[in-house]
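Here is the structure we will look at, set down as structure tokens.
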């Protein structure tokens, strides 16, 4: 780790203990491993970020901006010969009730931001499943989504402005702090979802909305996937639509029940979980959803009358991640298609699983058309490659339906092979030119994915 | 008009009648006049736009993209030696209820888009005052706002993706059609608010929300501006906040009453207009607003119990534009400050009026901190210059409060002198570099403002 010229920083910023440094070298993506040679900087303020990016550009050292390392696509693992620039310590937050925004450091954990805002009677909606661990900086980098996007949209819908340090150390501010503003080009949207490739975000201004009611929940079991898909589209058309609309396929239910009995019938083809958080009307809404689900062909519909029951119904959904973990080695993927195509995507994904002999478990944010296929492999030679090949076929199917290779996880290093198909060569070249404008020496998280 | 090389287009696209052409040469901005030498093209489809932009780049001819010419800042008037590229005929619209979006041509009038969407039980919220005339393409070009932004946000908050023809004729698609998506950089936000300087938008994908209830209205009269400003901030903090929160100062009331009696007291310092459109709760909301307004010190509060009465209360607000028109020559401006600063901005703007002897009428979208100062002048030598100088002082005051030189009208040619102060030289240079990336020969609406 000593082969990289150390950035000129006050003491305590560069991690000198290799055991600690190694902890910052990997993220949650499959096969994430530490390179031989890297330096970890834990920035404490913007000045540290500026110093690192000045130094890194001068010495052409690649920089990996990093928060809580929850990336599933390899966007935040250390690069050989590079600096890992961790900004978790930039975790301040200031809430303005009058202006209805929060100004947050990139390192604040999303759940903590939501709490700080809730304490003022306000709501920051985006809720990636990682929100108890992931940071707002990482959420901005991936334009994170989550469970309540079906009603509230994604991170980009809430980012009003940014402070960003560019390669070389220049500090810029994008967007606005006022409710409206159209002086000059708004660069904010370029940075949201840019996966640390254009600069390091050091401040995020997010707009806030009024607090909602605690959600109530309905859970519907379907013996026909087609019926579940139809119910999903019908729910989307509701005037007072759900704030959550999750889908679990049969193999998800089997995996969950294998871990713990949540009462899911193992012969069901799909379960839909639906919530309403509409102030003063959540109970009425879920009753209406329940009727709609029954009419659509649900075999059984359970409705939670209070927050505690609602939580019990959601517990099965939350158990999915550990249940998949128990089943064995796998990767959790992320594709998104038009909502009306979701049933089709689930069906084709199953067929692909059958055809390739790869076990595919399907669940996701149904209301957004956002599916998280989970593909399993084992220690047999070629098993993982077969799983990756099967996922490639799912990606092709999603793209053929007008979908995207990633709804909310980002492209990172693991999915870059599919980016040219989605964007086309001309667009990819344009995006590389834009990256070069902000980062002429290509030091910002190179290859993830541009 | 014959000195400009004519683009290779099917017949009927280039306007050959000079009387008709002249009608496309100016917009609604103050002092807008036709240049001597220009060509008008009325595109019928994307191919026409491609042909014009190929031709224009090859011959280095400036192009002014144009919809309904409602610009108040000179963004859409013809340029000497240039092509006016009108896209009003690209006015198709397709609504998807399942995906909750509309795909619209840039030429569709915003009110028509809203109607098409409403027919499907959905709502496209942005509502610039110009919406009965202005087009969605123009709304995208200026990131248009309007009256209901206090609840629903601005045009940018609804644009999910664009099709754009670049200088030279390349057709690109930005953003996404799916509910989520983060593959590559999202260029959409760069184009929204770019005032026709990066390319010509030929398709807009806007996300839609469920229909609201018809709004009900409360109207409050204040003898103290400070009280009105405080009430405004308190209303913003409401959990079930208003969808409209307009402010009119005393001179606005006098101007309106001079035209027609809407029952406004002429000795009031300010009027606040507040609406709720919350389904099933609008009556309850406006009653609560009325109480809040009274507590805040309103002298009088009128509440509309039904849509017809609500409309009557709003009629005075709508009469403002013709009333100002009657008063004499003026320009309507557009600054935006943090909401908590609005009272301060109104006070300082009045002082500036008094000090400079310029009549300043103040009104605007109070809930957004978005003020539309209207400055009057006459035929006396130096009168208009004095009004412009007074407005310059208002701009300075707004910027000092952390505001912007334009909330929703754009910069165009008329406000570019203030852009360097808001953006700074480094940012301006960066934005020019971005423009040059999309438009290397600088043919796209040059000088408005980049």
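Taken together, the values in this text are just the output of simple stated rules run on the coordinates, not laboratory data. Note that the coordinates shown come from a computational prediction; the quantities given were computed from them, not determined experimentally. Positions of Cβ are backbone-derived with ideal geometry, glycine not excepted, and every protein chain shown enters the neighbour counts.
Give me the helices (runs of 4 or more DSSP H) completely within the stretch A:223-334, filtered to those with at least 2 residues that are closer than 30 Å to residue A:209 by Cβ, ordered by residue number.
On the way: elements: A:225-236, A:250-259, A:282-295, A:307-318, A:320-327.
The qualifying helices (runs of 4 or more DSSP H) are A:225-236, A:282-295, A:307-318, A:320-327.
Residue check: residue A:113 meets all listed conditions (1) surrounded by fewer than 24 Cβ atoms within 10 Å (Cβ to Cβ); (2) in contact (Cβ under 8 Å) with a residue 24 or more places away in the chain but one, namely (1).
Scanning the stretch A:154-182 for residues that are within 8 Å of chain B (Cβ to nearest Cβ) and either within 19 Å of residue B:152 (Cα to Cα) or surrounded by 24 or more Cβ atoms within 10 Å (Cβ to Cβ) (or both) yields A:154, A:156, A:157, A:176, A:177, A:178, A:179, A:180, A:181, A:182. Filtering the stretch A:306-327 to residues that are free of Cβ contacts under 8 Å to residues at least 60 places away in the same chain and touching a strand residue (DSSP E or B) at 6+ places or on another chain (Cβ under 6 Å) leaves nothing.
Among the residues of the stretch B:354-395, the ones that are more than 19 Å from residue B:72 (Cα to Cα) and either surrounded by 24 or more Cβ atoms within 10 Å (Cβ to Cβ) or within 14 Å of chain A (Cβ to nearest Cβ) (or both) come to 4 in all. Take the stretch B:154-170 and flag every residue that is within 15 Å of residue A:178 (Cα to Cα) and either assigned to a loop (DSSP other than H, G, I, E, B) or over 15 Å from the mean Cα position of the chain (by Cα) (or both). Within the stretch B:154-170, just B:154 meets the criteria. Within the stretch A:189-200, is there a residue that is farther than 19 Å from residue B:420 by Cβ and assigned to a strand (DSSP E or B)? Yes. Restricting attention to the stretch B:409-424 and to residues that are out of contact with any helix residue (DSSP H, G or I) (no Cβ under 9 Å at 6 or more places or on another chain) and outside any helix (DSSP H, G or I), the residue that is nearest to the other protein chains (Cβ to nearest Cβ) turns out to be B:424. Do we find a residue being surrounded by fewer than 22 Cβ atoms within 10 Å (Cβ to Cβ), in contact with a helix residue (DSSP H, G or I) (Cβ under 7 Å, 6 or more places away or on another chain) and within 14 Å of another protein chain (Cβ to nearest Cβ) anywhere in the stretch B:320-342? Yes: the stretch B:320-342 contains one or more residues that are surrounded by fewer than 22 Cβ atoms within 10 Å (Cβ to Cβ), in contact with a helix residue (DSSP H, G or I) (Cβ under 7 Å, 6 or more places away or on another chain) and within 14 Å of another protein chain (Cβ to nearest Cβ).
Screening residue A:151 against (1) facing chain B (nearest Cβ under 10 Å); (2) assigned to a loop (DSSP other than H, G, I, E, B); (3) over 29 Å from residue B:400 (Cα atoms) leaves a single unmet condition, (2). For the stretch A:316-331, the set of residues classified as within 20 Å of the chain's Cα centre (by Cα) and farther than 13 Å from residue A:365 by Cβ consists of A:318, A:319, A:321, A:322, A:323, A:324, A:325, A:330, A:331, listed by residue number.
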